[in-house]
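Quick notes on the structure that follows.
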Amino acid sequence: MRLLILGASGDQGQPQVAAAAAAGHTVRAAARDPVRASAQCAGSAAEWVAVDYALPETVARAMQDVDVVLANYPSSSFNAAEPLIAAAELTGRAARAAGVQRLIFNTSLPVMSEPRGYAAHDVRLTMRHALAAAGVPLICLQPVVFMNNLLRGWAFPHIADENRFVYPHGESLDVSWICQEDLAALMVCAVERPELAGRCYAVGGPEALRGADVAAALSVAAGRPIRFESQSVDAFCAAMEVLMRTRLGAERARMIEELGTIYRWYNTGAERPFLVDMAPVLRELPVSLTRFSDWAARQRWSRK
Ligand SMILES: NC(=O)c1ccc[n+]([C@@H]2O[C@H](COP(=O)([O-])OP(=O)(O)OC[C@H]3O[C@@H](n4cnc5c(N)ncnc54)[C@H](OP(=O)(O)O)[C@@H]3O)[C@@H](O)[C@H]2O)c1
């Protein structure tokens, strides 16, 4: 099939480009700067095109002759709601006008069926409704926490430099960590399943792990002891505030407050947003999920 992958240059989009090409699809990959993105994602068998959600004609052009769209969007934690909702409305309109058969929406985070009062969550839910309203058959994949987060600036330095896995999860929080490659595999699997139109799936990995379990697997993968340190949400927010120092003060303060409220919900919400039973999902989207220990064994846990 001919696929358009929106947000293809992002952390979550890149494995989707690879998985879609490996499955034999013809891939059109979208980024605002396709030259830079294709260099960054060297080796991917994709046609890179320019798409900016602020420029509707770029979205319309990219949709031409496309069968299925895999839609990824920038952060709903660190961006204003309106442009994100407008981007989803635009995607739906353009897909309908171009005769696209199906949209697969990666919400990037857990989404419930009702608003919860957390901006990052509620914006994604509104985007889901906006995409559905366009009338193009829609399948939503709603992932929990990515294993790949451990390679990012807020987690990796503690692991590599201090042998500490520091994360804002309570000691007894069960989390269905998923790797971005498995999310990509699930999305590509959904491409070939028109009968799933209208369905929304919470998706996670094959096992529920606590922080200490993750640290134990990291210790094996790294070949040295790494211990879990349950970080308070306040400490996490303070650390993230430092990473966001380029943002304006008032904007940064608002985002950090939002981050704190949604992380408290992730930890204590009665719905247990980070826990997913994948058995029923895998019956409809049959892919082989990666255990954390296997994923960790493939990564480098030091700076050398
Ligand atoms: N569940 C988890 O564990 C987890 C972890 C990390 C992030 N997230 C969530 O994942 C989402 C995305 O994360 P991120 O922001 O870090 O993603 P990212 O990797 O920065 O990717 C964002 C993508 O959107 C594209 N993009 C940005 N602005 C655009 C525009 N105006 N028009 C068209 N494309 C545009 C970017 O492409 P170009 O810049 O190349 O144009 C890029 O491909 C967020 O909601 C975040 O909260 C979840």
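Derivation of every value follows stated rules applied to the coordinates shown; laboratory data play no part. Because the structure is a prediction, the values reported are computed rather than measured. Ideal geometry is used to build each Cβ from the backbone, glycine not excepted, and the neighbour counts take in all protein chains shown.
Points worth noting:
- Computed from point charges on the beta carbon alone (+1 for Lys and Arg, -1 for Asp and Glu), the dipole magnitude for the chain about its Cα centre is near 460 Debye.
- Whole-number Å³ per residue for the convex hull built on Cα positions in segment 137-283: 137
- Placing R0 at 25 angstrom, the Cβ-Cβ distance between Phe78 and Glu114 gives a FRET efficiency of 0.60 after rounding to 0.05.
- Contact order for segment 173-304, expressed relative to its length and based on alpha carbon pairs under 8 Å spaced 6+ residues apart, stands at 42 percent.
- Annotation for segment 164-191 versus segment 46-86: alpha-carbon center distance of 24 Å.
- Given charges at Cβ of Lys, Arg, Asp, Glu: the chain dipole, positive-most of Tyr263, Gln231, Ala221: Ala221
- Cα gyration tensor, the chain - rounded (a/c under 1.5), prolate or oblate: prolate
- The Cα atoms of segment 1-151 give a gyration tensor whose axes a ≥ b ≥ c have a/c of 1.5 or more with a/b no greater than b/c, which makes the shape oblate.
- In the chain, the DSSP-assigned H stretches of four residues or longer account for a calculated mean residue ellipticity at 222 nm of -13000 deg cm²/dmol, using -39500 (n - 2.57) per stretch and the full residue count as denominator.
- Cα Rg, Dmax, segment 39-96, angstrom units: 12.6, 35
- Cysteines in the chain lacking a second Cys C-beta under 4.7 Å: Cys41, Cys179, Cys189, Cys237
- Unit charges at the beta carbon, dipole of the chain: most positive-side option, Ala45, Pro56, Ser75: Ala45
- Whole-angstrom gap from segment 136-162 to segment 193-220, using each part's C-alpha centre: 11
- Relative protection proxy for 184-192, 18-26, 109-117, from highest mean packing down: 184-192, 18-26, 109-117 (other beta-carbon atoms within 10 angstrom).
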